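Worksheet: the structure to be examined is printed underneath.
The values are calculated or read from the model by the stated rules, or taken from the named source; none is laboratory data. Quick caveat, the model's predicted, so the values are computed rather than measured. Here the Cβ is made from the backbone with ideal geometry for all residues, glycine too, and neighbour counts use every protein chain on show. We work out accessible area using only protein heavy atoms, side chains counted, and drop any ligands, DNA or RNA first. Shrake-Rupley method; radii C 1.70, N 1.55, O 1.52, S 1.80 Å.
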Amino acid sequence: MDLFDKLKELRQKGLEEIKKASDEKKLNDVRVELVGKKGELTKILHSMREVAPEDRRKVGQKVNELRDLFNNQLDESKKKLVAVLIAKKMEEERVDVTLPGRKQAVGSKHPIYVILDDLEKYFIGMGYKVVQGPEIETDHYCFEMMNLPKDHPARDMQATFYIDGEDLLRTQTSGDQARVLEKHDFSKGPLKMVGPGKVYRRDDDDATHSHQFMQMEGLVVDKNVTMSDLKGTLELIAKHVFGQDRETRLRPSYFPFTEPSVEMDVSCFNCDGKGCPICKYTGWIEVLGAGMVHPNVLENAGIDSKTYGGFAFGLGLDRFAILKYGIDDIRDFYTNDVRFLRQFRKEED
C-alpha cells in the first residue's frame, strides 16, 4: 500500500474515531493518536524517505491538509461535547426562581460596641471629636504627661505590661489626650474630645477583672470651665445610657491627673436606690471617675494653666455594658460565643 492509499484510509478511520468519541477524555486520546507527536500523521512524515522524490511535495501537502481537517473536526467535536455537558448541568442544577429566597445569617454587634457606637454619636452631637491613638504607647505620653513621673507612687495603681524601658501596652487612653493637648490651637475654639479604645493592665482574669478592657476618656479644655460643667456633662451621660430616671451623685476621690477628683455613682436600677445585693445595700453603683484637669497636665502640654482649665472623665465601656445589660461575668465579652452575642441583636437599633 503506497502512502496515498494509507492517507486515504487514515482519513476515513480518523473521522470515524472523532465522531465516535463520547467525552473529552476519549476525544483527547483520538487527538493524540492522529495528530500527536507520535501520532499516525507524524509517522507518515517520518517515512517520507521511502517516497519518490517527485511525489514528496504532494505527499507533504496531503499530510498538512489532513492534519488541518482532523484539528478542525476535533475542535468542532469538543465544542459539541462541552455544549451537551453544559446543557446537562443546567438541567440538573436548574434553580426554581419561584421559590422563596434563603434567609442570610446575619451577625450581631458586640454589646461593648453597641455602647461605644451610641456614646460616640452622643458626644459628636455635643460637639466633641473622636480621637483614637496607638495601643502601644510610650511611658512619656501614658504617664509623665499625665502628671505621673517615674517615681510617682500612684503608678502602683496601674500594673503595666512593659515592652521595653519606654514602650508599653497602654493602661489608659490618656495618651490620646496628651497628644491632642500638645497640638490644639485654642485660637480656633475650645478642645472637646473623647478617646475610646482598648487598654491593658496586669490583672488576674475572673468574673469582674480582665487584663484587657475597653475604655473611653473625655477631655474639655477652655477658658472658664467649671466643676458645674463637669457635673452637668456627667449627668447627661448617665441618664443617656442608664435612663432618664437615674439619680446621680459625685464623691471626692483621687486621680493624679485631676484636681479636685470625683467618682460618680448612679442610683441602683435594680432596687431604685432602696438597697439590694447588686448595690451592696447602698442604693448606689459607681460608674466612672472624673475631675478638673490638673494644672501640671496643662503645663506639660505647653498650655497656660492660669488662663485655661478643663475637666476630664474616664469610663469603662465593659462596665457600662455589664451594668446596663445585667451581665454577670466580664469574660463573656471575650469568649466569642455567638449565643451570648445574639441576645443583643435588638440593641443595635
In debye, nearest 20, what is the charge dipole magnitude of the chain about its Cα centre with +1 on Lys and Arg Cβ and -1 on Asp and Glu Cβ, if you could check?
2200 debye
Using a 4.7 Å Cβ cut-off, which Cys residues in the chain lack a partner cysteine?
Cys142
Could you work out the helix-only [θ] at 222 nm for the chain, with each DSSP H run of four or more residues adding -39,500 (n - 2.57) and the total divided by the number of residues, to the nearest 500 deg cm²/dmol?
-13000 deg cm²/dmol
Evaluate the distance, in nm, between pseudo-label points positioned 7 Å from the Cα of Asp329 and of Ser47 along their respective Cα→Cβ axes.
8.5 nm
Roughly how compact is the range 154-245, stated as its Cα Rg over 2.2 N^0.38 Å to two decimals?
1.34
Given the convex hull of the Cα atoms of the range 247-349, what is a quarter of its surface area in nm²?
9.4 nm²
Accessible area of His209, 1.4 Å probe, to the nearest 10 Å²?
80 Å²
Taking the dipole about the Cα centre of the range 175-232, with the C-beta of Lys and Arg at +1 and of Asp and Glu at -1, give me whichever of His209, Leu230, Gly197 is farthest to the positive side.
Leu230
Quick one: which of Lys150/Lys192; Lys8/Lys88; Lys13/Lys80; Lys43/Lys88; Lys109/Lys188; Lys231/Lys274 span more than 30 angstrom between C-alpha atoms?
Lys8/Lys88; Lys43/Lys88; Lys109/Lys188
To the nearest 10 square angstrom, what accessible area does Asp151 show with a 1.4 Å probe?
130 Å²
Once label points are set 7 Å from the Cα along Cα→Cβ at both Thr226 and Val82, what is their separation, rounded to one decimal in nm?
8.3 nm
Using 0.36 nm per residue, how much length does the chain from Glu93 to Asp304 gain when fully extended, once their Cα-Cα distance is taken away?
68.4 nm
Please give the charge dipole size of the range 166-267, origin at the Cα centre, charges +1 on K and R Cβ atoms and -1 on D and E Cβ atoms. Round to the nearest 20 debye.
380 debye
Accessible heavy-atom area order of Arg249, Arg11, Arg67, highest first, probe of 1.4 Å
Arg11, Arg249, Arg67
With +1 on the Cβ of every Lys and Arg and -1 on the Cβ of every Asp and Glu, and nothing else charged, how large is the dipole of the range 78-172 about its Cα centre, in debye rounded to the nearest 20?
1380 debye
Pair Lys58, Glu33: separation of 7 Å Cα→Cβ label points (nm)
3.0 nm
So how much slack lies between Lys280 and His152, counting 0.36 nm per residue of separation and subtracting their Cα-Cα distance, in nm?
42.8 nm
Portion, in percent, of the accessible area of the chain that falls on carbon or sulfur, probe 1.4 Å:
50 percent
Report the accessible area of Glu286, computed with a 1.4 Å probe over the heavy atoms of all protein chains in place, in Å² rounded to the nearest 10.
80 Å²
